[in-house]
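The values are calculated or read from the model by the stated rules, or taken from the named source; none is laboratory data. Note that the structure is predicted; figures quoted are calculated from it, not measured. Positions of Cβ are generated from backbone atoms using ideal geometry, with glycine treated the same way; all protein chains shown enter the neighbour counts. Side chains included, ligands, DNA and RNA excluded: accessible areas come from the protein's heavy atoms. Shrake-Rupley method; radii C 1.70, N 1.55, O 1.52, S 1.80 Å.
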Amino acid sequence: MSALTEVPIVVPMVNHRPWWRGRPIKVVAVVAVMIIVYQALKLEYPWPTSLTFTSLSARLDEFQTWLIDQRTAEDTGLFFTIFNWFRLFLDNLVGWLNQFILWMTWVGTTVAGTLVVWRFGGRRAAVIIFGAFASFALLGLWQASMETLALMIASVGLALVIGVPIGIIAGRSDRFQRAINPVLDAMQIVPAFAYLMPVVLLFSIGYAAAVVSTIIYAIPPAVRITALGIRGVPINTVEASASMGATRRQMLSKVQLPLARRMLLLGVNQTILFALSMVVIAGLIGGGGLGAVVNTGLYTNPALALLAGVAIVIMAMTLDRVTEQIANRTDPTKRHLDDAGKKKLRTQSVGVLVAIAGTIGIAKLLGVSAVYPDVVGVKEQTVTIQETLLGKIQWVLDYVQDPTSWVFGITEPTGNSILTKLLLPIQGFLVESPWFATVAGLTLIAFIISGRRPAFTTFLMLSLIGVLGVWALAMDTLSQVLVATLFAVAIGVFLGIAAAESGTVSRILRPINDVLQTMPQLVYIIPFIYLMPVSVVPGIIAGVLYAFPVVIRLVERGLGDVAPETVEAADAFGATRMQILFKVKIPLAGDAIMLGVNQGLIMVLSVVVIGGLVGSGGLGYEVAQGLVRGQFGQGTIASVAILALGIALDRVTQGSRKARPANEM
């Protein structure tokens with residue numbers, strides 16, 4: 001006989017504070033005081049010259065000149081001998097890879113890429129990669145695409161060589177992971193654009209600078225995901241191997257790495273996407289490839305810049321899908337091979353190598369060119385669609401920029417409204433407010449939202465910006481970031497809630513978010529340069545598009561992670577669906593929503609500063625001008641200020657990063 005036991009529903013105890021004691025009200029109160037001080041003392045207290053390191057720019061220029069003299073001296077010494085060797089190695093590595101790809105001929109490269117991907121990723125992945133190669137050829141951008149691919153191979157390879165071992169150590173040592181976490185956080189907070197000038201200062205313009213800046217930007221995901229994969233191996237599996245006498249080396253090579261293979265390949269996937277974002281921007285510092293086509297086309301041939309942007313998007317989406325397919329297909333937890341299966345795969349590998357070698361040999365005998373030709377035959381028949389596409393793109397650009405078109409009738413007033421109703425008032429408030437009021441206000445907001453230590457870091461970063469002598473420029477950049485974040489968070493939170501409440505909305509948004517999060521940062525700005533006549537607006541709109549997908553995903557995940565028991569308890573007490581959403585789910589998902597705001601801010605900053613390339617002002621413009629005019633001191637100072645601003649914004653919106661009581665929400 002069994003007894004029926006009633007299990008009581010546990011309702012979470014929520015001790016509600018009065019609404020006027022919540023953190024949002026405290027933040028509003030701080031902002032209100034800042035506005036009052038601004039109205040009373042505006043333009044009277046700019047950052048004082050006495051607190052500015054005015055000679056820093058000149059000293060950095062002198063340091064850069066000294067570096068060049070030391071690198072080119074007859075007796076360079078041990079340090080600069082090693083330094084020059086490393087720089088020359090990186091330059092040659094990219095050059096060798098590019099020459100090898102061209103030596104294979106365009107036919108050999110296409111066949112090699114397709115067969116290798118087919119061997120490890122399957123038929124669908126092979127079709128995707130073949131389509132990408134065909135696109136580069138038909139777009140007339142084969143050589144630039146292969147140069148970008150060579151730079152990618154070098155950068156990703158070195159990033160993985162450095163990042164994976166560090167990730168393995170972090171995955172096996174809690175102390176080491178705690179030690180490197182702050183460094184990885186800083187590397188991921190800093191916008192990619194901020195890496196350019198310091199790297200150029202050390203390595204000069206060329207492939208080496210492009211590779212180094214890309215490695216720095218791409219290492220964090222390699223380290224973090226590798227560590228996550230190692231830690232994700234079931235502990236009972238590790239303990240079982242230890243009980244059978246396996247050494248630490250054997251456990252790593254025979255247990256942990258094989259079982260973490262899928263996560264390791266996901267790390268490769270993310271490292272590739274991060275690297276591609278940076279490689280495109282690195283076209284500014286001699287990286288060449290599609291990034292160089294975009295950067296030069298922005299000023300001389302807008303249609304070609306857009307076409308190169310399309311090629312970049314194709315490359316990004318192809319690499320994302322192909323590496324994902326390879327990760328799924330080679331996952332040992334899903335695919336168990338016997339001896340016959342392993343022998344079949346080895347035979348396929350040999351067949352692929354023979355087919356690639358044979359194709360290259362035949363192509364060489366037939367005199368196939370290294371680069372896909374634009375014209376063939378005696379009559380020089382065109383075999384690309386570049387000219388046709390350029391003509392159509394230029395027609396569209398002319399139309400949208402025509403003051404009589406209906407598109408211009410929408411974009412021009414929209415851009416002006418964003419500028420006059422939002423950007424200029426916020427810009428005036430931040431730039432003209434007394435510096436001490438802004439520093440104190442932002443520090444206090446960081447303390448209210450995130451705590452004492454983030455507030456102290458915020459104070460140090462804001463003070464550093466002032467000491468560098470770029471306070472007004474940083475506040476200009478901050479105003480653009482705040483406007484873009486306002487839109488990104490509003491869109492992201494609304495759609496995130498809709499996706500969490502509706503499976504249909506979630507399925508519709510998922511592929512859109514995938515595409516937007518795959519595209520490199522620079523690509524977002526290109527179309528809006530021509531759609532929005534106001535120069536400062538393209539960076540803002542591009543920042544919104546780049547940031548809102550991550551806000552959607554974090555909000556959707558936060559609401560979805562609310563315990564079902566809590567929702568069921570509220571429903572049992574008669575709460576409506578809207579009451580459950582606003583009184584239960586959203587308060588309990590507050591950390592996820594705050595994390596969405598935090599990540600949205602950082603992602604907006606990374607795109608807004610790139611807007612300096614098209615005259616949006618602020619710190620990004622200083623970096624761009626430093627690169628164009630060779631003013632390395634000026635550009636480096638702006639880069640360091642961007643770094644400081646990114647860290648400050650991260651700390652202001654960091655939140656507690658842990659579950660908080662509902663009464664604090």
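Projected over every direction and averaged, the convex hull enclosing the alpha-carbon atoms of the range 365-453 yields 14.8 nm².
Across the range 507-665, the relative contact order, built from alpha-carbon pairs under 8 Å that are at least six residues apart, equals 25 percent. In the range 34-107, a dipole from Cβ-located charges (positive for Lys and Arg, negative for Asp and Glu) runs towards its positive end, and of VAL107, ALA40, THR72 it is ALA40 whose Cα lies farthest in that direction. Positive end of the dipole of the chain (Cβ unit charges, origin at the Cα centre): among ILE410, TYR207, GLY620, the Cα lying farthest that way belongs to TYR207.
Ranking ALA327, ASN236, THR81 by Cα position along the charge dipole of the chain, where only Lys, Arg, Asp and Glu carry charges on their C-beta atoms, puts ASN236 farthest toward the positive end. Dipole magnitude for the chain: computed about the Cα centre from +1 point charges on Lys and Arg Cβ and -1 point charges on Asp and Glu Cβ, it is near 2080 debye.
Given a cut-off of 26 Å, what percent of all Cα-Cα pairs of the range 254-373 lie beyond it?
The calculated P(r) of the range 254-373 puts 49 percent of pairs beyond 26 Å.
Run the dipole for the range 246-347 about the Cα centre, Lys and Arg Cβ at +1, Asp and Glu Cβ at -1, nothing else charged, and hand back the magnitude in debye, nearest 20.
760 debye
If you sort SER204, SER606 by accessible surface, 1.4 Å probe, largest first, the order is SER204, SER606.
Just so you know, the Cα atoms of the range 496-597 work out to an Rg and Dmax of 17.3, 55 Å. Computed from the Cα positions only, the extents of the range 522-656 along the three principal axes stand at 68, 33, 17 Å, in decreasing order.
Applying the Kirkwood pairwise sum to the alpha-carbon positions of the chain produces a hydrodynamic radius of 27.6 angstrom.
Given the C-alpha atoms of the range 67-120, compute the convex hull and give its volume per residue in Å³.
Numbers: hull volume 5.7 nm³, N = 54.
With only Cα atoms used, the range 67-120 gives 106 Å³ per residue.
Using a simple spin-label model with pseudo-atoms 7 Å out from Cα toward Cβ, TRP96 and THR296 lie 2.7 nm apart. What a 1.4 Å probe finds exposed on the range 475-526 is 74% carbon and sulfur by accessible area, rounded to a whole percent.
Going by accessible surface with a 1.4 Å probe and the largest first, LYS585, LYS392 read LYS392, LYS585.
Could you tell me what percent of the accessible area of the range 190-268 is made up of carbon and sulfur, with a 1.4 Å probe and every protein chain present? The computed percentage sits at 65. Considering only Cα atoms, the convex hull volume of the range 163-273 works out to 108 Å³ per residue.
Based on protein heavy atoms only, the chain ends up with 48 Å² per residue of surface accessible to a 1.4 Å probe.
Scanning the chain for chymotrypsin sites (Phe, Trp or Tyr not before Pro) in DSSP loops with at most 16 other Cβ atoms within 10 Å, what's the longest stretch left with none?
Values: sites that count: PHE53, PHE573.
After excluding every exposed loop site, the longest remaining stretch is 54-572.
When both the range 146-183 and the range 35-106 are represented by their alpha-carbon centers, they are found 23 Å apart. Using a probe of 1.4 Å on the protein chains alone, the accessible area found for SER405 is around 10 Å².
Grouping the Cα pair distances of the range 340-488 into 5 Å bins from zero gives a pair-distance distribution of 2, 7, 8, 9, 8, 7, 6, 6, 6, 7, 8, 11, 9, 5, 1, 0 percent in increasing distance order. The apolar share of the surface of the range 548-633, taken as the fraction of accessible area on carbon and sulfur atoms (1.4 Å probe, ligands and nucleic acids excluded), comes to 57 percent.
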